[in-house]
Every structure is written in structure tokens, then in C-alpha cells.
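Asker: Below is one structure. I have some questions about it.
The values are calculated or read from the model by the stated rules, or taken from the named source; none is laboratory data. The shown structure was predicted, so the numbers you read here are calculated from the model rather than taken from an experiment. Cβ coordinates were reconstructed from backbone atoms using ideal geometry, including for glycine residues, and neighbour counts include every protein chain displayed. For accessibility, only protein heavy atoms count, side chains too; no ligands or nucleic acids. Shrake-Rupley method; radii C 1.70, N 1.55, O 1.52, S 1.80 Å.
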Amino acid sequence: MEHHRVAVLVLDGAKPLDVGIPAQVFSTRPSMPYRVRVCGAAPGLVTGGDGLSYHVADGLEALEWAETVFIPGYREPATTEPPAAVVAALSAAHERGARLAAISTGAFALAATGLLDGKRATTHWHYTRALRERHPLVRVDENVLFVDEGDVLTSAGAASGIDLCLHLVRRDHGVALSNHVARRLVAAPYRSGGQAQYVPRSVPEPLGDLFAETREWALAHLAEPLTLEALARNARVSERTFSRRFVEDTGYTPMQWVLRARVDLARELLERTDLTTEQIAASTGLGTGANLRLHFQRILGTTPTDYRHTFSA
């Protein structure tokens, strides 16, 4: 399999976590059909944020090589302009067909190219107002974890970069590989499709481990009837409390989350097995092949047959 070429562009003030996430997720290894180069505006030392600096071997010529370019977040994005050479190199990479993905405040550098004008985008919640003021043509959405506009993508702060990276792996190679990467990172697999992933406007009450344990329990029992009553009983809280806190924690109602989990399981079975649509529907709790096709179309915008054709090994 040909390796997809990924460049991680480290700008002055770059945040360590934002740099490390794509560099680690897409690192070259037998299970990953990607090749990564970390670069800067020029080769050599780049002063980072949080007391760290980076020594990069490549300059902007790496963007000519890359098929995907990540722009990690950096310090003081609202009061500094990215170098003109960086903006030009990003624009040229996009014109050649590369997709550009910004993590956190990297959205400011991406917005400076004009490629986000008229499109939805997000950034770290602390900077959404500044992004809106600095780039008024960008449709800033402060409530989502990431936005996929096809060839330009943006994510919210820090850890949402993992969600964005897993989304791209899923988009490129299907849910089986993205789940493999999530397990390697000891991270939760991201939710299906391009749906907006909402974060609460205020800090929710502490959930402890009860809800995580209930989600794990539900994932092991997807083939069985799962009701709100059963989920709340497993979590040992009232249905009303469970529903409210679950939405705050995941952005979905419990039953919406169960439906998406079932569709994700169906995706993996379509990729890895020769089971029929009816067999997969039965083993994932979706009931019938017609029901599976209906939810596939609604959530993923495709059919099980087309999905299998695209992603099966």
C-alpha cells in the first residue's frame, strides 16, 4: 500500500501537545500507511511554547512533498501574523491538492490563507471570539470539537486534535484502522461521520467512572435490546439524571449514542468479515438489513454495500 505523506508544520510558539499528536498518530510503522515529516518555516531550531523548543530537519519544502499538512496551535495567535512565506506555502500546497488540517490555534494561520473564508471552522474555545474578529468571513463554530470541510479541517484545543486525527484515519482507511490507532493511543474511538461533536457550555458535574463503565458495558451488549432504563440502571442513577449528564458528556442522547455505536460495529464487520447485511444487522442490534441501510444512509451518507466496497480488506 502506498504511504500517504503527512507534514507537521511547527511555527514559533508551537504547543507541544498539538505538535506531538499528529506526529505520533501518523508515525511510520507497519500498521500505518503514512509517512511523516516535521518541518518549520526553515530548518533548524524553532522556539516553542511551554518552555520547549524543536529542532526540525526540514523547511517549507516539506509542504511541496506532503499530501496532508497539519498546522499545530501556537502562542499569541490573536496578536501575531504567520510569516508571509508560511501563508504562501500553505496556499501553494492546497492548490497542488494537499488537504490542510489545523489543530487549536493553528486555525489562525490557516485562516490567514483565505481558505477558510465562507466556511465553518473552529479553534480553542478561548480564541473563538478573536478568530471571528480577526477573520470575519470565517463561520466560526465554538461548540464543536472539529470541523471537516473536505480539503480544509480545523479542531478545537489540545486533545480534540486526537479526534481530528482519528477522523482522518477513518476517512482514509475505515473504522477498523482508526480503532486500532485509538487502542494504540489508549484513546476513545471517535464518533461516526462528520457530525458536530458538542462540548458543554458549562462544566458538567463530575461523572466519575460510572458512565465510562456503562458505555463499555453497552458496547459489549450492542446485539441485545438496550433501553434508557437499562443504561440508567447499569449506571446506578435515575433515567433523568443519566440522560442529562450523558448529553453533557458526549453531545448525544443515550439512544443516539447507542445507534452510532451499533453503526460503528457494523462498519467494522463490513470491513473485516463476509457476513451478509442481514447477519450484520442482527449481530449489531439493528434488527433488519433495511434498518441497517436506513441508518447507514442517515449517519454516513452511503450504503453498506458501497461502504464495504470502499473499505474492506
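Asker: May I ask you to list the residues in segment 91-111 that are closer than 11 Å to Glu67 by Cβ, assigned to a loop (DSSP other than H, G, I, E, B) and among the small types (Gly, Ala, Ser)?
Answerer: Across segment 91-111, the qualifying residues are Gly97, Ala98.
Asker: Restricting to segment 116-159, what's the tally of residues that are surrounded by fewer than 17 Cβ atoms within 10 Å (Cβ to Cβ), among the hydrophobic types (A, V, I, L, M, F, W, C) and part of a loop (DSSP other than H, G, I, E, B)?
Answerer: Going through segment 116-159 one residue at a time, the tally reaches 3.
Asker: Right, here's the next one. List the pairs whose first member sits in segment 168-186 and is assigned to a loop (DSSP other than H, G, I, E, B), whose second member is open to solvent by less than 30 Å² (accessible area, probe 1.4 Å), and whose Cβ atoms are under 6 Å apart, counting only residues at least 6 apart or on separate chains?
Answerer: Gly174/Glu271
Asker: Take Arg96 and decide whether it is in contact (Cβ under 8 Å) with a residue 12 or more places away in the chain, within 16 Å of Asp151 (Cβ to Cβ) and open to solvent by 50 Å² or more (accessible area, probe 1.4 Å).
Answerer: Considered against the rule, which asks whether it is in contact (Cβ under 8 Å) with a residue 12 or more places away in the chain, within 16 Å of Asp151 (Cβ to Cβ) and open to solvent by 50 Å² or more (accessible area, probe 1.4 Å), Arg96 comes out as yes.
Asker: Okay, next question. With respect to Ser192, is the statement that it is modelled with pLDDT under 90, closer than 30 Å to Thr310 by Cα, open to solvent by less than 10 Å² (accessible area, probe 1.4 Å) and hydroxyl-bearing (Ser, Thr, Tyr) true?
Answerer: Against the criterion (modelled with pLDDT under 90, closer than 30 Å to Thr310 by Cα, open to solvent by less than 10 Å² (accessible area, probe 1.4 Å) and hydroxyl-bearing (Ser, Thr, Tyr)), Ser192 qualifies.
Here's the yes/no breakdown for (1) assigned to a loop (DSSP other than H, G, I, E, B); (2) touching a helix residue (DSSP H, G or I) at 6+ places or on another chain (Cβ under 8 Å):
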residue: Arg245; (1), (2): no, yes
residue: Glu248; (1), (2): no, no
residue: Tyr252; (1), (2): yes, yes
residue: Met255; (1), (2): no, yes
residue: Ala282; (1), (2): no, no
residue: Gly287; (1), (2): yes, yes
residue: Ile299; (1), (2): no, yes
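Asker: Starting from segment 1-21, take each residue that is over 13 Å from Leu52 (Cβ atoms) and list its partners that are of a type in the set (Val, Ile, Thr) and open to solvent by 30 Å² or more (accessible area, probe 1.4 Å), counting only C-beta distances under 7 angstrom and pairs at least six apart or across chains.
Answerer: Note: pairs meeting the criteria are Val6/Val36; Val8/Val36; Val8/Val38; Ile21/Ile162.
Asker: Among the residues of segment 23-79 satisfying the criterion of being touching a residue at least 60 places away in the same chain (Cβ under 8 Å) and among the β-branched types (Val, Ile, Thr), which is nearest to Val10 (Cα to Cα)?
Answerer: Per the stated criteria, the residue is Ile71.
Asker: Ok, one more. Has segment 6-27 got at least one residue that is out of contact with any strand residue (DSSP E or B) (no Cβ under 6 Å at 6 or more places or on another chain), part of a loop (DSSP other than H, G, I, E, B) and either within 16 Å of Thr113 (Cα to Cα) or open to solvent by 40 Å² or more (accessible area, probe 1.4 Å) (or both)?
Answerer: Within segment 6-27 (the criterion being out of contact with any strand residue (DSSP E or B) (no Cβ under 6 Å at 6 or more places or on another chain), part of a loop (DSSP other than H, G, I, E, B) and either within 16 Å of Thr113 (Cα to Cα) or open to solvent by 40 Å² or more (accessible area, probe 1.4 Å) (or both)), the answer is no, since none of the residues qualifies.
Asker: Among the residues of segment 262-283, write down those that are in contact (Cβ under 8 Å) with a residue 40 or more places away in the chain and either touching a strand residue (DSSP E or B) at 6+ places or on another chain (Cβ under 6 Å) or surrounded by fewer than 21 Cβ atoms within 10 Å (Cβ to Cβ) (or both).
Answerer: Leu265, Glu268, Glu271, Arg272, Ala282, Ser283
Asker: Exactly one condition in (1) open to solvent by 10 Å² or more (accessible area, probe 1.4 Å); (2) among the polar types (S, T, N, Q); (3) within 24 Å of Ser27 (Cα to Cα) is not met by Thr79; state its number.
Answerer: Only one criterion is unmet by Thr79, namely (3).
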